[in-house]
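The values are calculated or read from the model by the stated rules, or taken from the named source; none is laboratory data. This structure is a prediction, so every number in the text was calculated from the model and none was measured. Note that we place each Cβ from the backbone using ideal geometry, even for glycine, and neighbour counts take in every protein chain shown.
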Amino acid sequence: MDALYTAVATANGREGRTVSSDGQLDLPLAFPPALGGNGQGTNPEQLFAAGYAACFASAMGSVARQLKLDVKDVSVTAEVGIGKDPSDGGFGIGVVMRVELPEHLEGDSGAKLVELTHAACPYSKATRGNIPFEIVIE
């Protein structure tokens, strides 16, 4: 793949900082309280959730334009959970993608839009088959 854009960020662990090469992202990192931390910073799961939700929403806009659908009132929320991976005893993540559709997209047209979006979204492509994933249409 020839990259059209490459994001670059550096982190020094789960407790420290993460900084993008252009300085637009500069955040403290900390374990969340649920994992024994103080919660005084963001964490990789939050960053992944934010990126995935934004990417999915953007992909939905692209798919919707092709289908001539209005998605200006759609809301996408990614829930990224971390837990023990039963296959190796290490850690793994899973995603629940919540897509809130307006009334005019309820039913089959909305379900088809979400299905096509999941097929087109770069984050979905990167994780497909690698992590537990669920879509909830609300």
Working only within the range 14-38, note down all residues that are polar (S, T, N, Q) and either buried (at least 17 other Cβ atoms within 10 Å of the Cβ) or part of a loop (DSSP other than H, G, I, E, B) (or both). Thr18, Ser21, Gln24, Asn38
Which residue out of Val71, Val95, Val76 is touching a Pro at 6+ places or on another chain (Cβ under 9 Å), closer than 23 Å to Leu25 by Cβ and surrounded by 16 or more Cβ atoms within 10 Å (Cβ to Cβ)? Val95
The residue that is nearest to Pro122 (Cα to Cα), considering only those in the range 59-89 that are in contact (Cβ under 8 Å) with a residue 12 or more places away in the chain and among the polar types (S, T, N, Q), is Ser62
Only residues that are assigned to a helix (DSSP H, G or I) and of a type in the set (A, V, I, L, M): list them for the range 56-92, please. Ala57, Ala59, Met60, Val63, Ala64, Leu67
Among the residues of the range 39-46, is any more than 27 Å from Ala7 (Cβ to Cβ), at pLDDT 95 or above and in a strand (DSSP E or B)? no
Subset of the range 51-81 that is among the polar types (S, T, N, Q) and within 21 Å of Phe133 (Cβ to Cβ) - its residue that is nearest to the chain's Cα centre (by Cα): Thr77
Restrict the check to the range 99-118 and report whether at least one residue is crowded, with 16+ Cβ neighbours inside 10 Å and under 30 Å from Pro33 (Cα atoms). yes
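Going by what's in this entry, would Ala49 be described as touching an Asp or Glu at 6+ places or on another chain (Cβ under 9 Å) and in a helix (DSSP H, G or I)?
Against the criterion (touching an Asp or Glu at 6+ places or on another chain (Cβ under 9 Å) and in a helix (DSSP H, G or I)), Ala49 qualifies.
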May I ask you to list the residues in the range 96-138 that are touching a Gly at 6+ places or on another chain (Cβ under 8 Å) and either part of a helix (DSSP H, G or I) or modelled with pLDDT under 95 (or both)? Tyr123
